[in-house]
Amino acid sequence: MATFAKPENALKRAEELMNVGQKQAALQALHDLITSKRYRAWQKTLERIMFKYVELCVDMRKGRFAKDGLIQFRIVCQQVNVSSLEEVIKYFLKLANERAEQAQAAAAEVTLDVDDLDAVKRPEDLMVSYVSGEKGKERADREMVTPWFKFLWETYRTVLEILRNNSKLESLYAMTAHKAFQFCLHYKRTTEFRRLCEILRNHLMNLNKYRDQRDRPDLSLPESQQLYMETRFEQLKVATELELWQEAFRSVEDIHGLMTLFKKAPKPQMMATYYAKLAKIFWVSENHLYHAYAWYKLYSLQKNYNKNLLPRDLQLIASSVLLATLSVAPYDRKHGAHHFELEMEKERNVRMANLLGFSLDPKRDAREVLSRSALLSELVGKGVMSYVPQDIKDVYNILENEFHPLDLTTKVQPLLEKLSSYNEKLSAASPVPEVQLDQYVEPIQRLTTLRLLQQVSQVYTTMKIRHLANMIPFGDFNYIEKLAMDAVKYNYVQVRVDHLKGTVQFGSQDLESDKIKNHLTILAKRLNKALGLIHPTGPSPDYVAAKKRDIQRLLSAVNKEHQVALARKVLIERRKEEQERQMLEMEREEESRKLKQQRLTEEAEAKRLAAESARREEERIRRELEEKELEKAKMMVADMEKRKGKKGKKGITAEPDKDKQQLMDLLLSEQIKERQEMERKLQRLLKQMDHLERAKREEERPVIEASYQQRLIDDEEYHNQQQQLTIEQSKLQHAADIQEKRRLSRMEDDKVAFQEQVMSRRSVEFERLRLEREQRLAELREIRKVERLQRRKMECYRRQEEARIRKIREEEEARKREEEERKRKEEEERIRKLEEIAARQREREREIAEKMQREREEEERKLRESRSRILDETARRFVPPALRASAERERFGTEGREPDLWRPGPRAVVADGPVRERALPPARGVDRWTSQEDRGWRPESGREVEREREAPRAPGAYQPPSRRMDVDVHRSAFDRERDVRPADHDGPRLEVDGNMVPPPPGRELGRERPFQPPSGGGRYEPPSRRGGFDRDRDRDMMPGRGGLAPRLGEDRWSAPREDGSRWERGDRAPAPPLRRDDRW
């Protein structure tokens, strides 16, 4: 496989090879380039390469190469430039058509290459002409034209296969199909036309079957529908011109299938062509009923839509409709048929009715819908007779309405002879180019003969054969007898032909009233006419009175007719319900069909996978077979060498590097040589046998002639003997029949009496059964009436019960909604009240905190003033420490206390035991200072305090002690140290405000109580932050008494003071005076 850097190089290489005559190599080079995966992007150079490629394929008639190349090129340009593929295909078709036409022209101009025209033909030419049986022209066509025709046909098939699923080239697909139709029509290729129709059907079937293809044409588009419809109409036209009536009928079914698939009727011009071709097909198939219906549909279509139609054209079409209807046999051919044949005929009628545009129910009998009588009634009702010429109207009236048993044929025959004068060509606006009314002469002659037999059978019982044959001039008596036997077979007339007597006997099994029904009607009309002539003044009073009585009796019967109409209405409603039920069943069947189709698709996919695996297995087996064949070829070469070596001939030299194909070619050449040698021997033997056979026939000729003459004489004698024997047997049979008739004639009276007895007994039995049936029907009606009433009551009770349950359910749901709404509102009101209470409480706490802050500031201010005053006094003079201590004791009233270094903040003095001092944290809101000695006390900035105070709090939410806006939070450190224990405490005491009080519970002097989390929760505070005491529990201890001060949120004013009074808003426990030993 040659590789090229650029596609242009491959094109140049191919042109070079073509110039030196190596077209096969050039084709192979281009084929390798096109099928290569390197060049899958479209470019203009590839299009030029494809033009050269298809040109080589056409020159060498390589259809397979052309198909492979076009498929690869379609893959390349499908999504990029599909017009390039269109141009290549058009060029391919053009070249194939031109070469086929050139070959045909060359075959027409071919002449024999003979040096001497006066010379006698050579023995070789004579032998070839006798063996092959072909003439020179036929042999030239077979050698020159047929290969190109085959290639052209293969070209059409290839293009259709490539374009079958391409939505962008639908017009090219339709154009190719039309050209293929014209090829089949021009060259009378009937076999290829059948194959072409089958190919198009398979393409459409696969298109509907596999709907998930990428470039599949959309059949819902009007343009696609029009292209497919035009293609099928062209197929129908070509099929009728080729007289392939079976294929034409299948084309009609294809068109009807497309109309059903598209759910849209074609244009009126196309439908006119459809019905015209359908009428022709039905006429050729001798189906005159559907032929007449097709003409009637064509007439209706032309009258309603074709405004350019001339009156003369409409008259001829109406005449064709009427004559086609009269050509239909007047009897039903289904009489006496088996059930299976009737079912087959029923399906066929439904199928034909659908093709004609009539929608029939398959479960009902279509014979009454599409029949001769129904069509004649419709022609009369739709006014078709007004367009028919008078001569054809006379034919219709004579055959259908009048009664002429003796001169029917004499009246019809002149009118039939005039039908040929109506054969005319129609205008260009008509879909039918020409109307030939004389084609209906023979069917109408048969109808005339049948009508004559029917009318004669109503008048005569027996008629001479000779007289009947003279009455019917359309044929001899054999023709009449054949038509009569068909009519008897289908129960149209009752005829019996007696050749012995030369008579025709007419008989019927109908009642006498049916026979004279028409005669009595005619008689009544004529008597009324005669009565009018006798009494021109008017009817007599008795006649008028009788007529009034008849009118009154008619009015009394109106009520009965009304009841019948109501019953018919009920029946129609039931039929509608039944039809709806059938529609539902059809929908369910359609759903099941879709499921079945899906299942079949899955099975097909599984089969495809299995086929793929089988294909791979076949390829493996094929490779093994090829290897075996190679070995076998080598063995055959060895055997042939041995045989030739035995015969003394030169053997075949099998080189070891030869492959299988070379070995097979070598063997084939040797076999051809042997075959040619054998054929030469056979030719010599043939010539000998030919001479021998010719001599034998010359000797046998007189013997065969004498034997033939003797055989003729013997046959004539045998025929005379058999004829005489037949005459004698007929005479004996006739005599026996006459004797049998005489014997049976004595039983006529007994037969009549027995018949009357049987009929009377049967009439009594019939009357009894009729009364029983009426009584049974009345009881059944009453039972059904009661059941219907009960069913209606149950339905009413069910509806009332459903309404009651629905009302109860709605009331329960409304009550639940109201209850939920009420609870929601109550919850909102409760939350709102809690929020208001919390807001009021926060306001009170804020006011109390502000008041206590002001008081605390005032006390601290006074304390600072007294301290500064003392410091001023001590600073003026030097006082020894001992004297200063005694002076302070005298000033502050404290004795026995061991002096200690002064520390900022209040101190607690121990009265009993060793003297110890404990610094307390400063009160919140005053100046704070810290040192390492203050056990980690840290001042808090005012901004943090204000942020804690102003933080929003949810109602009822937990608040740690540090966040509580409590009075105790703002108490001074000294106030928190005033908590006392009960009076009976025996341990060391603290001096607070001049009173000796025990330390707080759980606290001993010199040590701190273990950490206990506050009862109210909150964040952890070390003892230094709590002032050495549990302020959550002990900070509210009242001084001087063992009780507790009321907490924030409690009823502070409900607890009495020490003096018995009540606490007021803003009151607080008085702070005790500080006792300190300041050492400087």
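May I ask you to list the trypsin sites (Lys or Arg not before Pro) in the stretch 739-795 that are in a DSSP loop and have at most 11 other Cβ atoms within 10 Å of their Cβ? Kindly include the intermediate steps, with their values, before the conclusion.
Numbers: sites: Lys741, Arg742, Arg743, Arg746, Lys751, Arg761, Arg762, Arg768, Arg770, Arg773, Arg776, Arg781, Arg784, Lys785, Arg788, Arg791, Arg792, Lys793; in loops: Arg746.
Of the trypsin sites (Lys or Arg not before Pro), the ones in loops of the stretch 739-795 whose Cβ has at most 11 other Cβ atoms within 10 Å are Arg746.
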Partner lysines whose C-alpha sits under 16 Å from that of Lys816, ignoring same-chain residues fewer than 8 away, are Lys807, Lys825
Here the net charge surrounding Glu818, from other residues whose Cβ is less than 12 Å away from its Cβ (Lys, Arg +1; Asp, Glu -1), is +1
Expressed in nanometres to one decimal, the distance between label points 7 Å along Cα→Cβ at Leu777 and Leu712 is 7.8
On the accessible surface of the stretch 539-632, probed at 1.4 Å with all protein chains in place, carbon and sulfur together account for a percent value of 56
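Using only alpha carbon positions, build the gyration tensor of the stretch 539-632, then give the equivalent ellipsoid semi-axes as the square roots of 5 times its eigenvalues, largest first, whole angstrom.
84, 19, 5
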Straight-line reach check, Lys862, cutoff 26 Å on alpha carbons, 8 or more apart in-chain or any other chain, hits among lysines -> Lys851
Count of lysine pairs, the stretch 539-632, Cα-Cα under 26 Å, sep. 8 or more residues or interchain, comes to 6
Dipole check, the stretch 539-632, charges on Cβ (K,R +1; D,E -1), about Cα centroid: among Ser556, Leu571, Ser592 the Cα furthest to the positive pole belongs to Ser556
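Once the other residues with Cβ under 15 Å from the Cβ of Tyr543 are scored (Lys, Arg +1; Asp, Glu -1), what is the net sum?
Numbers: positive: Lys547, Lys548, Arg549; negative: Asp542, Asp550.
Value of the local net charge: +1.
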Loop-resident GluC sites (Glu not before Pro) in the stretch 363-444 with no more than 10 other Cβ atoms inside 10 Å, DSSP not H/G/I/E/B, are Glu368
Expressed per residue, the solvent accessible area of the stretch 539-632 in Å² (1.4 Å probe) is about 95
Going through Lys393/Lys418; Lys90/Lys179; Lys280/Lys346; Lys62/Lys94; Lys501/Lys741 one by one, the pairs whose alpha carbons sit over 18 Å apart turn out to be Lys280/Lys346
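The values are calculated or read from the model by the stated rules, or taken from the named source; none is laboratory data. Everything numeric here is computed off the predicted structure, so don't read it as measured data. Cβ: placed from backbone, ideal geometry, glycine included. Neighbour counts: every protein chain shown. Each accessible area value is taken on the protein alone, full model and side chains, heavy atoms only, with ligands, DNA and RNA left out. Shrake-Rupley method; radii C 1.70, N 1.55, O 1.52, S 1.80 Å.
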